[in-house]
Structures are given as structure tokens and as C-alpha cells.
């Protein structure tokens, strides 16, 4: 009888120990997941800032190589800002420094920023586009690795809408800004630039509509995008563009920055772990 009782106590104790270990392990995994997500959210912001500055660099260097030599001082200041962005990204966590895609991005940026004055306008645009595409891929890789796909906003929207749809829509605007900046500076829109800008206008319109069907537009965001599309069609896609490069750059930047403002505010107001 005593043996049976002892065996029962041992069996129950073993079960309790297993349950305790499972609960403790689950809590530890949850704690680790929350920490990974916290780090990932920091990177979503800092990589967005990095992306924005590289996109600006693309637009300004396109203008410079098309004849806007007065942009060189601004380009150098912007290049220093991108280097600062890189430093701020690397101090967050060792994961980034060991990531092969990041290492390729960092090397590509330093090579491109140090040599843009010696390449053709088309090659400069292509190199920037490739660099930016890899930054967007990196954001996706990082988000998956840090379990950000599990996160939702307080409105129960999936967080990935921000770094996928919003950043994708922003990149089409950024490409249009770079091409339009070159056209406005050169005071000539050739057939290839016209085809590219028409395509980008279509992508901007379709991607922003997709985005706004999921997330309500921010302030007068739609108006700013419409202003840009109208500007491209009425003043850029002409044999002789009728807008100053700086005015076009500001118009495109106004539309793009408003998207990124929504991105930043969405995190600040709606994301919690």
C-alpha cells in the first residue's frame, strides 16, 4: 500500500516538474520572441530612414549627372548622412553585421557613393535601383527572422502592410523622382524616359490604391500623390520639360515623405508588443 502511494507521489511529482519546465520554457521562448521583435521594430524604423536617404541620393546624383553640378555640395552632405545611418543600424544588434545581404549592401553603397561622378547617368540609376531593391529584400529578411509577421496593429491590421505595400509604393515614387530629376535638369525627355515615367505613374497609382484600401490615407496624402502624377504628365513628359529641377524634386519628395511620415506615425501610435 505504501509502495503504491509512494509511486503515485513520484508520478505526480514528475508530472508537475514536466509541467513546470514546459511553462518555464514557454515563458522563456515568449520573452526571447518579444526581444527579437523589439529589435526588429527598431530596425524597421532605422532601415526606413536609411532607405529614404539612399533614394534621395539617387535623385540628386541623377540631377548632377544630367548637368546639375550645383547639387554636389548637397550630395556630399547626404552621403555623410547615409554613413551615419549605417552606424546607427549596426549598433542595434550583432545580427545585422553578420548578415551577408547587409554586408553586400554596405559594400555596394560605399563603392557607389565614392564613384558616382565617374559613371554614366544610366549606370548610376541602375546601380541605385539594385541597391535599393536589396535594402527592401533585407527588410523582408530581417522581419521574418525577427518574427514581425506575427505582429498586428491596434486596428488588427497585419504589420507587413507597412514594410511591403507602403515601402513598395514609395519606391515607385522614388524611381520617378530620380528619372524626372534627370529629365528636368537636362531639359529634355527622350522616348525611353517617357516610357519609364508612364510605367511608373501607373505603378504609383495602382500601388497607392492597394495600400489605401488596407490603410486609410494620411492627411492630404492622396492629393500630394495626385499633384506628383499631374506634374509628371503635364510638365516632365514633354520634349522640353517646363519645371525647374528643384521644384520637381520637392514635389516628388512631398509625396514620398508623406508616405514615410505615415509609416513612422503608424509605428509610434499603433504598434505594441
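Just so you know, all these numbers are worked out from the coordinates, no wet-lab data involved. Here the structure is a predicted model, which means the values were calculated and not measured.
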**Message:** Return the Rg/Rh ratio of region 101-162 with Cα-based radii and a Kirkwood Rh.
**Reply:** 1.18
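Rounded, prolate or oblate for region 57-175? Axes are the square roots of the Cα gyration tensor eigenvalues, ordered a ≥ b ≥ c, and the cut-off for rounded is a/c under 1.5.
It is prolate, given that a/c is not under 1.5 and a/b is the larger ratio.
Using the alpha carbon gyration tensor of region 39-270, what are the three equivalent-ellipsoid semi-axes (square root of 5 times each eigenvalue), largest first, in whole Å?
29, 23, 13
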**Prompt:** Using alpha-carbon positions, what is the distance between the centroids of region 115-183 and region 236-266, in Å?
**Reply:** 16
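Let me make sure I get this right: for region 123-204, a, b and c are the square roots of the gyration tensor eigenvalues over alpha carbons, sorted descending. Under 1.5 in a/c it's rounded, otherwise prolate if a/b > b/c, else oblate. Which is it?
prolate
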**Request:** Assuming a ≥ b ≥ c are the square roots of the Cα gyration tensor eigenvalues, decide whether region 129-174 counts as rounded (a/c under 1.5), prolate (otherwise, with a/b larger than b/c) or oblate.
**Result:** oblate
